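Reviewing the structure listed below.
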Amino acid sequence: MQEEILTFSDDAASKDRQFVNALARGLEILRCFRPGEVYLTNTELARRTGMPKPTITRLTYTLTKLGYLNYAADQGKYQLGSGVLALGYSLLSNLDIRKLSRPSMQELAEHSQCNVALGIRDRLSMVYIEACRGSGAVTLRREVGSRIPLAATAMGKALLCGLPQAERDFLLDHIRLRDEEKWPKIKAGIEQGYKDFQDFGFCVSVGEWESSIHAVGVPLIDPDGEKMMAYNCGGPAFMLTLDALMNDLGPRLVALVRKVEVSMGRH
């Protein structure tokens, strides 16, 4: 996975006098840990954040004292502490949409024998906050906490389609800056996703992220407009043909989102 040298906090620090740079740097360290990565060293954290190692050393010491990191002395490495778990659990437990969505998500997962997920944006990625999969043996194995790219996935493109123009343009600019060489291809995929969303109410990704994965995505905005989310249904390319995405799973995923919106009291 490509490491991200983080730029959003740098932008904020240069433009906002109330922005607390020390706090932002500490949070960047916590963001460095990914699913499947238990331990990271100060050197690895410095490389991922772009911060000087002495700064990293002071911040990891402070985060350990506060319970957000644990230090494994025998390995000279850090792992996330219980303080982070408490924050994450509080977030997930307060997202009622997970409970509203799960029965319909599981039903669609069984129908498709693939993976159905609900995700929120974290910078230039989507993070799963709920995931269901069919009972069949052949299916994706992506759980809550999994991260997928914003720009090249059905879920990510769907979320972009649902955003206000100004926010979408801001994110597209950062996507472009992150990979100028691939930007023309990425832009074409996003533009096609926007056209599909206007025509059909959903976006598709046919091997754009990984050649072996096909998926469809639909956005959802909660009633207060504060949380932008998106759903996807995806699986192995040999199981999910373009015809199946366009004529079966896409419409079914749109119907799922409309049902959730009704449950949330939007209509």
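Consider the range 170-206 and keep the residues that are of a type in the set (Asp, Glu) and more than 15 Å from Met155 (Cβ to Cβ). The one that is surrounded by the most Cβ atoms within 10 Å (Cβ to Cβ) is Asp179.
Report, by residue number, each residue of the range 230-262 that is modelled with pLDDT under 95, surrounded by 16 or more Cβ atoms within 10 Å (Cβ to Cβ), under 17 Å from Asp96 (Cβ atoms) and not β-branched (Val, Ile, Thr). Residue satisfying the conditions is Glu261 alone. Within the range 69-80, residues that are outside any strand (DSSP E or B) reach partners that are surrounded by fewer than 18 Cβ atoms within 10 Å (Cβ to Cβ) with beta carbons closer than 7 Å, at six or more positions or on different chains, in the pairs Gln75/Tyr39; Gly76/Thr41. Of all the residues in the range 28-68, those that are part of a loop (DSSP other than H, G, I, E, B) and not hydrophobic (A, V, I, L, M, F, W, C) number 10. Being closer than 30 Å to Arg141 by Cβ and out of contact with any helix residue (DSSP H, G or I) (no Cβ under 9 Å at 6 or more places or on another chain) narrows it down to one of Thr41, Thr49, so name that one. After applying the criteria, what remains is Thr41.
If the condition is being surrounded by fewer than 17 Cβ atoms within 10 Å (Cβ to Cβ) and either touching a helix residue (DSSP H, G or I) at 6+ places or on another chain (Cβ under 7 Å) or not assigned by TED's automatic domain parsing to the domain that holds Gly234 (or both), then the range 128-167 contributes only Ser135. Looking across the range 170-193, just one residue is closer than 10 Å to Glu208 by Cβ and of a type in the set (Lys, Arg), and that is Lys185.
Residue pairs whose Cβ atoms lie under 7 Å apart, sitting 6 or more positions apart in sequence or on different chains, and linking a residue in the range 197-218 that is in the same structural domain as Asn247 (by TED's automatic domain parsing) to a partner that is buried (at least 21 other Cβ atoms within 10 Å of the Cβ) and charged (D, E, K, R), are Phe202/Asp196; Cys203/Lys157; Cys203/Asp196; Val204/Asp196; Ser205/Lys157; Gly217/Lys157. Mind checking whether some residue in the range 96-119 is touching a residue at least 60 places away in the same chain (Cβ under 8 Å), in a loop (DSSP other than H, G, I, E, B), more than 30 Å from Arg178 (Cβ to Cβ) and in contact with a strand residue (DSSP E or B) (Cβ under 8 Å, 6 or more places away or on another chain)? Yes, there is a match, as at least one residue in the range 96-119 is touching a residue at least 60 places away in the same chain (Cβ under 8 Å), in a loop (DSSP other than H, G, I, E, B), more than 30 Å from Arg178 (Cβ to Cβ) and in contact with a strand residue (DSSP E or B) (Cβ under 8 Å, 6 or more places away or on another chain).
The values are calculated or read from the model by the stated rules, or taken from the named source; none is laboratory data. These numbers were taken from a predicted model, which means no experiment stands behind them. A quick note on method: Cβ atoms are made from the backbone with ideal geometry, for glycine too, and the neighbour counts reach across all protein chains shown.
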